[in-house]
Structure formats: structure tokens, C-alpha cells
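Heads up: the structure comes next, in C-alpha cells.
Taken together, the values in this text are just the output of simple stated rules run on the coordinates, not laboratory data. Keep in mind that what you see is a predicted model, and the values were worked out from it rather than measured. Positions of Cβ are backbone-derived with ideal geometry, glycine not excepted, and every protein chain shown enters the neighbour counts.
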Amino acid sequence: MPADQEDSARAFYVRILGFQEISKPAELAKRGGAWFEFGNVQLHLGVETDFRAARKAHPAFLVDDLDALLEKIQVAGYEWDLSQPPLEGFKRAHVFDPFGNRIELMEKE
């Protein structure tokens, strides 16, 4: 993530995707960035000076109600893409965090 964008990260990962922010160890906290947790999943966002979004490589998260989540994402004005080829047994979509990083959301059918 870019420097000084922790509030943007919180707005997306906490308010939209439902993660909780967790404390970073003191030695790492001074570097910026943010850590989030949902169930047994942790997501660590580090600051990069010459940040470039990950538009190809991405995490994939299983969700319970993809349609409701996509509506929330759309209302909040975040970018999303439904044009991926089908994956047997899943409904899925790609969304993009405030920094342009791709995230795949998948719901078991």
C-alpha cells in the first residue's frame, strides 16, 4: 500500500469486507501499513515507497453472501469485475481495494 493511506485501508478492509484491525508489533508499527484479521485469516498490508498495485497476483476470500457484498462495494464506489471465467462450484468476482490491488471474492454454490 502507499504511505499514509491507513485510513483508506481501514475504510475498505474493515467497513466493507468486515475484517478487524489488529495491532502490529511495535517494531513494525513505525513502518506504517495495517494488519487485519477475519476468523483464521490475517492480511498484512505493508507500505512500499514506489507502490504499484497487484493487478494480477491476488488473495481469494470465501464469503457467505457475494451479492450483498458486491452491492456494498458498488455503493461505496470501489471498482469490481464480474468477467472472470466460471469456476465450477463457485460464484466469484474480482474487486479492487483503494490502492488498485485485486482481490477475488468467492461464494460456494
Fill in the blank from the handout: Charge dipole of region 6-108 built from unit charges on the beta carbon (Lys, Arg +1; Asp, Glu -1), centred at mean Cα; most positive-end Cα among 75, 51, 93 is 51
Problem - Tensor-based shape of region 6-108 (alpha-carbon gyration tensor, a/c under 1.5 rounded, otherwise prolate or oblate) - result: prolate
Practice task
Restrict the search to region 56-91; then list the trypsin sites (Lys or Arg not before Pro) that DSSP places in a loop and that have at most 12 other Cβ atoms within 10 Å of their Cβ.
Solution key: 56
Completion exercise
In whole Hz, the Karplus estimates of ³J(HN,Hα) for region 81-91 (6.51, -1.76, 1.60; θ = phi - 60°; x where Gly or Pro) are 8, 9, 8, 5, x, x, 10, 3, x, 9, 9
Completion exercise
Here region 35-48 yields Karplus 3J(HN,Hα) values (6.51, -1.76, 1.60; θ = phi - 60°; whole Hz; Gly and Pro given as x) of 10, 9, 9, 9, x, 9, 9, 10, 10, 10, 9, x, 7, 10
Exercise for the section: Report the calculated FRET efficiency for residue 48 and residue 22 (r = Cβ-Cβ distance, R0 = 22 Å), to the nearest 0.05. Expected result: 0.60
Exercise for the section: Check each of the GluC sites (Glu not before Pro) in region 11-40 and keep only those in coil by DSSP with at most 12 other C-beta atoms within 10 angstrom; list them in order. Expected result: none
Completion exercise
Relative contact order as a percentage, region 6-108, C-alpha pairs under 8 Å and 6+ apart, gives 24 percent
Handout entry: Table column - 3J(HN,Hα) (Hz), region 94-109, Karplus curve with 6.51, -1.76, 1.60, x for Gly and Pro
Key = 9, 10, 10, 5, x, 9, x, 6, 7, 9, 9, 10, 10, 10, 5, 8
Exercise for the section: Taking the chain as the reference, fit the longest principal axis to its C-alpha atoms, fit the long axis of helix 66-76 to the helix C-alpha atoms, and give the angle between the two in degrees, 0 to 90, nearest 10. Expected result: 50 degrees
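Around residue 10, what is the net charge, scoring Lys/Arg as +1 and Asp/Glu as -1 over all other residues with Cβ under 14 Å from its Cβ?
-4
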